[in-house]
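Asks: This structure is in structure tokens; I'll ask about it shortly.
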Amino acid sequence: MNAEQARQVDVVLRQLGIPGVVAPEDTENPAGPWRVYDTADPATRRDVTANALASVAAEFAKEKPRSGPMRGFVIPSKTE
């Protein structure tokens, strides 16, 4: 994920109370790819991105499905 996606993931993790530190893979290159780690220390951290994202998905799966009609808008992408 890039830095903007990492910021969004960090917000969701905090909102859901899921542990994880979102940081760049290479601490010297914040423009590069980012991951979710178990600690902030680059020397001892472990990549837990897959577990963190699975926990987010599990939290959203717990939500009750809405009954009845829903209204909204579908906005086509710019590439169409």
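Just so it is clear, none of the values below were taken in a lab; they were calculated from the coordinates. In this text the structure is predicted, and so the values were computed from the model without any measurement. FYI the Cβ positions are ideal-geometry reconstructions off the backbone, even for glycines, and counts take in every protein chain you see.
Asks: If I filter the range 16-50 down to residues being touching a Gly at 6+ places or on another chain (Cβ under 8 Å) and not hydroxyl-bearing (Ser, Thr, Tyr), which single residue comes out as surrounded by the most Cβ atoms within 10 Å (Cβ to Cβ)?
Replies: 36
Asks: Give the range 25-64 a look and list any residue that's touching a residue at least 24 places away in the same chain (Cβ under 8 Å), part of a loop (DSSP other than H, G, I, E, B) and over 17 Å from residue 7 (Cα atoms), or say none.
Replies: Passing the criteria: only 45.
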